[in-house]
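J.: Could you have a look at this structure, given as structure tokens, before my questions?
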Amino acid sequence: MKTKNPAQKIALLGVFGALALTLSFLENTLLPDLPLLPPGAKLGLSNIVTVLCGGLFGAPAAFAITALKALFALVTRGMTAGLMSLSGGLLSTVVLWALLKKIGRTVSYLGVGVLCAAAHNLGQLLMSVLLTGSLALLSYGKYLLLFALATGTLTGLMLCVLVPRLLQTGRFSNINEAKRIFENWR
Amino acid sequence: MKAERLGLRAGDGVIYAVLVLLCAALFLLPLLRDDDAVLTAQIMADGEVIETVELSLSAMQAFEETREVNGCVIVLSPEGVCVADADCPDRLCVKTGMITRAGEAIACVPNRVVVTLRQARAADETYDGVAY
């Protein structure tokens with residue numbers, strides 16, 4: 001996590017944080033709840049940013065983005081949305097943290113994207129069980145898992161295409177975490 | 001796009017296999033249940049069961065009954081249950097639509113309301129079964 005230039009990292013994290021908030025805002029306002037999908041299911045576009053920050057700057061940066069997203073949801077959409085965002089985000093970032101050292105070795109961003117999406121939905125499901133006090137909600141799990149397979153594949157593929165190109169720009173070459181992934185990538 | 005260009009690894013296959021199998025199992029297991037069974041709707045609010053209604057014409061006073069719980073208007077019929085209206089911000093409970101199978105549930109998380117369908121008894125124990 002040590003960088004030669006901490007100011008660069010802070011600036012980049014700020015940009016990525018803004019990007020995550022913009023994506024979740026766009027997703028919530030522009031994309032209506034599609035029919036035939038489990039209620040509350042989202043594409044999770046802003047999770048691309050979380051996984052990307054984890055890959056470029058390490059797990060603490062991913063946790064920071066998660067906390068920022070939860071705070072944004074709390075302020076703009078209320079308590080329930082904030083808790084949902086936090087629970088899903090935390091569980092998914094924990095999975096990312098566990099797999100981070102393996103990216104480029106035994107897994108790629110595709111597998112990580114799918115597993116993070118599934119963990120995100122599981123976290124939200126567990127939070128909704130906690131908030132309502134009803135275990136019956138676990139029956140939603142299958143729809144959420146199916147949906148996570150689709151959205152996780154989408155975000156994972158985007159990362160597979162995006163990350164090598166971002167690393168090739170050389171802008172992240174003085175960030176250790178990014179350098180290691182870049183070397184493992186080939 | 002080729003697998004090596006995306007940088008795919010063996011672990012990706014393992015992750016997909018586990019998640020797809022888990023998903024298939026979760027979808028297939030409920031199909032083993034009796035589809036014609038008489039259902040009961042259990043209404044929970046703030047973590048406590050406040051009412052259990054048997055969803056059959058013989059047990060209900062009208063073809064359609066409504067309950068208002070914590071701002072959610074719940075419509076009960078022998079067909080199933082839906083939330084017709086709610087005062088919560090996202091109204092996901094309304095968008096869930098009607099549930100018709102045992103084990104399904106509608107939740108309104110902001111209002112802390114959950115309606116669950118359970119199997120009351122097998123279909124052949126109903127009045128229809130002994131009518132002739």
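J.: When residue B:65 is evaluated against the numbered criteria (1) over 24 Å from residue B:112 (Cα atoms); (2) assigned by TED's automatic domain parsing to the domain that holds residue B:97, which criterion, by number, is the only one it fails?
T.: Failed condition: (1).
J.: Right, something else. I'm trying to understand the selection: among the residues of the stretch B:78-102, which are surrounded by fewer than 18 Cβ atoms within 10 Å (Cβ to Cβ) and under 13 Å from residue B:115 (Cα atoms)?
T.: Residues satisfying the conditions are B:84, B:97, B:98, B:100, B:101.
J.: Of all residues being within 14 Å of chain B (Cβ to nearest Cβ) and surrounded by 19 or more Cβ atoms within 10 Å (Cβ to Cβ) in the stretch A:54-85, which is farthest from the chain's Cα centre (by Cα)? Just the residue, please.
T.: Narrowing the stretch A:54-85 to residues within 14 Å of chain B (Cβ to nearest Cβ): A:55, A:73-85.
Those still in the list that are surrounded by 19 or more Cβ atoms within 10 Å (Cβ to Cβ) too: A:55, A:73, A:80-81, A:83-85.
Values: A:55: 11, A:73: 15, A:80: 19, A:81: 16, A:83: 16, A:84: 14, A:85: 11 Å.
Of everything passing the filter in the stretch A:54-85, A:80 is farthest from the chain's Cα centre (by Cα).
J.: Within the stretch B:91-106, track down each residue that is at the interface with another protein chain (Cβ under 7 Å from one of its Cβ atoms) and of a type outside the set (A, V, I, L, M, F, W, C).
T.: Going residue by residue through the stretch B:91-106, those that are at the interface with another protein chain (Cβ under 7 Å from one of its Cβ atoms) are B:92, B:95-96, B:103-105.
B:95, B:96, B:103, B:104 - these are the residues of the stretch B:91-106 that are at the interface with another protein chain (Cβ under 7 Å from one of its Cβ atoms) and of a type outside the set (A, V, I, L, M, F, W, C).
J.: May I ask you to verify whether residue A:91 is at pLDDT below 95 and surrounded by fewer than 24 Cβ atoms within 10 Å (Cβ to Cβ)?
T.: No: the conditions fail for residue A:91.
J.: Which is more than 9 Å from every other protein chain (Cβ to nearest Cβ), surrounded by 20 or more Cβ atoms within 10 Å (Cβ to Cβ) and not charged (D, E, K, R), of A:136, A:148, A:178, A:118? Walk me through how you get there before you give the answer.
T.: Values: A:136 fails: more than 9 Å from every other protein chain (Cβ to nearest Cβ); A:148 fails: more than 9 Å from every other protein chain (Cβ to nearest Cβ); A:118 fails: more than 9 Å from every other protein chain (Cβ to nearest Cβ).
Going through A:136, A:148, A:178, A:118 in turn, just one is more than 9 Å from every other protein chain (Cβ to nearest Cβ), surrounded by 20 or more Cβ atoms within 10 Å (Cβ to Cβ) and not charged (D, E, K, R): A:178.
J.: Quick one: residue A:101 ticks every box in (1) surrounded by 20 or more Cβ atoms within 10 Å (Cβ to Cβ); (2) within 14 Å of chain B (Cβ to nearest Cβ) bar one, so which box is it?
T.: So the condition that residue A:101 fails would be (1).
J.: Consider the stretch A:12-24. How many of its residues are exposed (fewer than 15 other Cβ atoms within 10 Å of the Cβ) and modelled with pLDDT under 90? Spell out the reasoning first.
T.: The initial filter retains those residues of the stretch A:12-24 that are exposed (fewer than 15 other Cβ atoms within 10 Å of the Cβ), namely A:14-15, A:18, A:22.
Imposing the further condition that a residue be modelled with pLDDT under 90 reduces the set to none.
Qualifying residue count for the region: 0.
J.: Let me ask something else about it. Out of the stretch A:90-110, which residues are polar (S, T, N, Q) and under 16 Å from the mean Cα position of the chain (by Cα)?
T.: Applying the first criterion (polar (S, T, N, Q)) to the stretch A:90-110 yields A:92-93, A:106, A:108.
Those that are polar (S, T, N, Q) and under 16 Å from the mean Cα position of the chain (by Cα): A:92, A:93, A:108.
J.: Right, here's the next one. (1) on the phi < 0 side of the Ramachandran plot; (2) facing chain B (nearest Cβ under 8 Å); (3) touching a residue at least 12 places away in the same chain (Cβ under 8 Å): which one isn't true of residue A:94, the others all being true?
T.: Exception for residue A:94: condition (2).
The values are calculated or read from the model by the stated rules, or taken from the named source; none is laboratory data. All values derive from a computational prediction rather than experimental measurement. Note that we place each Cβ from the backbone using ideal geometry, even for glycine, and neighbour counts take in every protein chain shown.
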